[in-house]
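Trainee: One structure is given below, represented as structure tokens, and several questions about it will come after.
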Amino acid sequence: NTLLAGRIHQFGNIFHFLGIISMHNSPMILDPDVMMNAFEVDRIKETEEILLSTTTFLTAVLNKYPSNWVDGICGQLSIDARGKKNIKAKLIAETLISKMPDIIKSLSPNSIKVLRIILENNGCINYGKLKEFDDDISFFWVENPPKSTIGILRVSGLVVIGKTVINGRKYKTALIPADIRESVAQVLKYSTLDASFKNLRKSEDLSCYQ
């Protein structure tokens, strides 16, 4: 088998092939499904390198997301996916806040449990502490929207996955973004929030790991 290494670039929801970089013989059986799965895994990992803190807004994350993810969230929330990404990001945040009771009501008990666990940790948590919950997702959220326990939270815009830097090391983190967190808390009856939750400050960015 001959393995061709190339480069593609995303333009909206379309991927364009930009040419071959290298070519060499490979002992592997180049199954298209295996290669596509590897591509999706790489793109998901790349997207999950987004840096997060307790003060991170959903709109900031969405503006860094792949267009397919933003459009997938639009589809999940019945928002028109046409237009610029930054406009859609604002509409997503506004829709979540205005329709939060109905959105959370539609979730499974396990998905709601994940939200409660994250809220109990000031809105963010080490991703490893959620290992008992399924987070199976594809990279293509428009064509194949996530259905797993955490995946449905991600495609609903309620939870984002990224990295938090602590003492020079990156840790995978699950976050309920700051601009929608209080709305989630109100629906889930978290009426008494501690000071660090109510008054987010840069100095408290590590609170979910303490």
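Trainee: Quick one: would you say Ser191 is part of a loop (DSSP other than H, G, I, E, B), modelled with pLDDT of 95 or more and not aromatic (Phe, Trp, Tyr)?
Mentor: Numbers: part of a loop (DSSP other than H, G, I, E, B): yes; modelled with pLDDT of 95 or more: no; not aromatic (Phe, Trp, Tyr): yes.
Criteria not met by Ser191.
Trainee: Same structure, new question: From the list Ile103, Ile92, Ile97, which residue is modelled with pLDDT of 95 or more, among the hydrophobic types (A, V, I, L, M, F, W, C) and open to solvent by 70 Å² or more (accessible area, probe 1.4 Å)?
Mentor: Going through Ile103, Ile92, Ile97 in turn, just one is modelled with pLDDT of 95 or more, among the hydrophobic types (A, V, I, L, M, F, W, C) and open to solvent by 70 Å² or more (accessible area, probe 1.4 Å): Ile97.
Trainee: Still on this structure: Looking at segment 39-89, which of its residues are among the β-branched types (Val, Ile, Thr), touching a residue at least 60 places away in the same chain (Cβ under 8 Å) and either closer than 21 Å to Ser183 by Cα or open to solvent by 70 Å² or more (accessible area, probe 1.4 Å) (or both)?
Mentor: Within segment 39-89, Thr54, Thr55, Thr56, Thr59, Val61, Ile73 qualify.
Trainee: Another question, if that's okay. Would you pick out the residues in segment 158-170 that are over 14 Å from Ile118 (Cβ atoms) and modelled with pLDDT of 95 or more?
Mentor: Answer for segment 158-170, where residues must be over 14 Å from Ile118 (Cβ atoms) and modelled with pLDDT of 95 or more: just Lys163.
Trainee: Which residues, counting only those in segment 106-135, are touching a residue at least 60 places away in the same chain (Cβ under 8 Å) and open to solvent by 80 Å² or more (accessible area, probe 1.4 Å)?
Mentor: Arg116
Trainee: May I ask you to list the residues in segment 147-163 that are in contact (Cβ under 8 Å) with a residue 24 or more places away in the chain and either open to solvent by less than 10 Å² (accessible area, probe 1.4 Å) or closer than 25 Å to Val34 by Cβ (or both)?
Mentor: Ile150, Leu153, Val155, Ser156, Gly157, Leu158, Val159, Val160, Ile161, Gly162
Trainee: Follow-up question, since we're still on this one. Would it be correct to say that Val70 is closer than 21 Å to Asn144 by Cβ and at pLDDT below 95? Don't jump to the end; show me each part of the working.
Mentor: Numbers: closer than 21 Å to Asn144 by Cβ: yes; at pLDDT below 95: no.
In short, no.
The values are calculated or read from the model by the stated rules, or taken from the named source; none is laboratory data. Since the model is a prediction, treat every value here as computed from it, not as a measurement. Here the Cβ is made from the backbone with ideal geometry for all residues, glycine too, and neighbour counts use every protein chain on show. Protein only, heavy atoms only, side chains kept; ligands, DNA and RNA dropped before computing areas. Shrake-Rupley method; radii C 1.70, N 1.55, O 1.52, S 1.80 Å.
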